[in-house]
Amino acid sequence: MPAATSSARLLGLATAVPPHRLPQDDVRLAAGRILGSRFADFERLAGSFANSGIANRYSVVPFEWFETDKDWPERTGAYLEGAIDLFVNAAERALGNAGLAAEDVDIIVTVSSTGISTPTLEARATRRMGFREDVQRVPVFGLGCAGGVTGLSLAARLAAAAPGSKVLFVCVEACTLAFRTNRVEKADIIATILFGDGAAAAVLSTGDEGPEFGAGAEHTWPDTLRIMGWEVERDGFGVVFDRSIPDFIKENFALAVDGMLQAMGRDREHVQRLICHPGGAKVVDAIETALHLDQGTLDHERDVLRDYGNMSAPTVLFVLERLLTADPQGEMILARAGADPAPAGTGTRPPQHPPSAGSWRP
């Protein structure tokens, strides 16, 4: 095998959402009916539905599913059915955009943190997709909101390490299945306001075509495990949200970004566009404040949040898809995701015109 000297490139990118649309106004009414009598401060927090910047979300289950308590088997069954459908939908679209078929795939990287599946999602989707029997599988669990960027960076490194190989990256989350009727805390209300379901897929390889991936870097803040994550409870995942997330970003994010850029041999002046995970309206505002960006700079982030809510890991790839569609000529961009203990960043360089490796807007 030749030495790994080539950079990975993005051959195809696609996103997918499940069939059940949840308009935010309808969610507000349903949440009030189901949770209002159980949570004393519900009406005080209810205004956040309107202030969230979210108009619509999508779910792997219909509205009536949320009306009654659910146990682990019920949540897992809904996760498997919905996540596999999302996997196939996003993967087929990405492969189609790349001009490839499932049998062309050499390596599959699957990221998901909102359900447990053994065998993993790509194995369960194999018959429907038509993957080869010798395809290499790399399932990744537990990255949370950082999974979209970190998983994409992992897929890029695998593609670069095996020049000519075709790597399929699929990120699937079904956040709505964490909705709780029997554990009503402030974090649960916030999750009800923000979470949606979705998936994204990307096809990567080496060569001369497509956006080129630059170096990647990660930053971990110690002693931040209680900021965001899951608690494993008897009947499902219990969401962990800390109200300090926006303030934490304002105080700590810029230094982390500068450190990651320095590790990549760059600084902020090299970056024309930041792509971020829009975890919530206050999070997007906090990122702009931390990096001294003009209010409204992160326009694609707000648009994705409005149309889909916070889908955890795939959300940042919805933003990337919009940016590449709006600006196919390309610019130097930095993708970042995660307000949880292990946010990650990776540099990507969309192509100049005609397609070639490039860091700058032509």
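Remark: pairs (first residue in the range 87-102, closer than 17 Å to residue 125 by Cα; second residue small (Gly, Ala, Ser) and in a helix (DSSP H, G or I); Cβ separation under 7 Å; 6+ apart in sequence or on different chains) = 95/102. Return yes when residue 177 is at pLDDT 95 or above and more than 24 Å from residue 96 (Cα to Cα) and no when it is not. Taking the combined requirement at face value, the residue satisfies it.
Return yes or no: is residue 110 modelled with pLDDT of 95 or more, within 18 Å of the chain's Cα centre (by Cα) and either at negative phi or in a helix (DSSP H, G or I) (or both)? Spell out the reasoning first.
Details: modelled with pLDDT of 95 or more: yes; within 18 Å of the chain's Cα centre (by Cα): yes; either at negative phi or in a helix (DSSP H, G or I) (or both): yes.
Here the answer is yes, as residue 110 does meet what is asked.
Filter the range 250-287 for residues that are of a type in the set (S, T, N, Q) and farther than 30 Å from residue 57 by Cβ and give the result. Selection gives 262, 272.
Whenever a residue of the range 215-226 is of a type in the set (Phe, Trp, Tyr), its partners that are assigned to a loop (DSSP other than H, G, I, E, B) and surrounded by 11 or more Cβ atoms within 10 Å (Cβ to Cβ), lying with C-beta atoms within less than 9 angstrom and at least six residues away or across chains, give the pairs 221/227; 221/341; 221/342; 221/343.
Of all residues in the range 79-100, those satisfying the criterion of being more than 20 Å from the chain's Cα centre (by Cα) and either part of a helix (DSSP H, G or I) or surrounded by 14 or more Cβ atoms within 10 Å (Cβ to Cβ) (or both) are 96, 98, 100.
Would a scan of the range 60-74 turn up a residue that is assigned by TED's automatic domain parsing to the domain that holds residue 171, surrounded by 14 or more Cβ atoms within 10 Å (Cβ to Cβ) and free of Cβ contacts under 8 Å to residues at least 12 places away in the same chain? Scanning the range 60-74 turns up at least one residue that is assigned by TED's automatic domain parsing to the domain that holds residue 171, surrounded by 14 or more Cβ atoms within 10 Å (Cβ to Cβ) and free of Cβ contacts under 8 Å to residues at least 12 places away in the same chain.
Restricting attention to the range 167-187 and to residues that are out of contact with any Ser or Thr (no Cβ under 9 Å at 6 or more places or on another chain) and part of a helix (DSSP H, G or I), the residue that is surrounded by the most Cβ atoms within 10 Å (Cβ to Cβ) turns out to be 187.
Taking the numbered list (1) closer than 24 Å to residue 185 by Cβ; (2) not in a helix (DSSP H, G or I) in turn, residue 265 passes all entries but (1). Going by the structure shown, is residue 247 acidic (Asp, Glu), part of a helix (DSSP H, G or I) and closer than 20 Å to residue 276 by Cβ? Yes; evaluated as a whole, the condition is true for this residue.
The values are calculated or read from the model by the stated rules, or taken from the named source; none is laboratory data. Fair warning: this is a prediction, and the values are worked out from it, not measured in the lab. Positions of Cβ are generated from backbone atoms using ideal geometry, with glycine treated the same way; all protein chains shown enter the neighbour counts.
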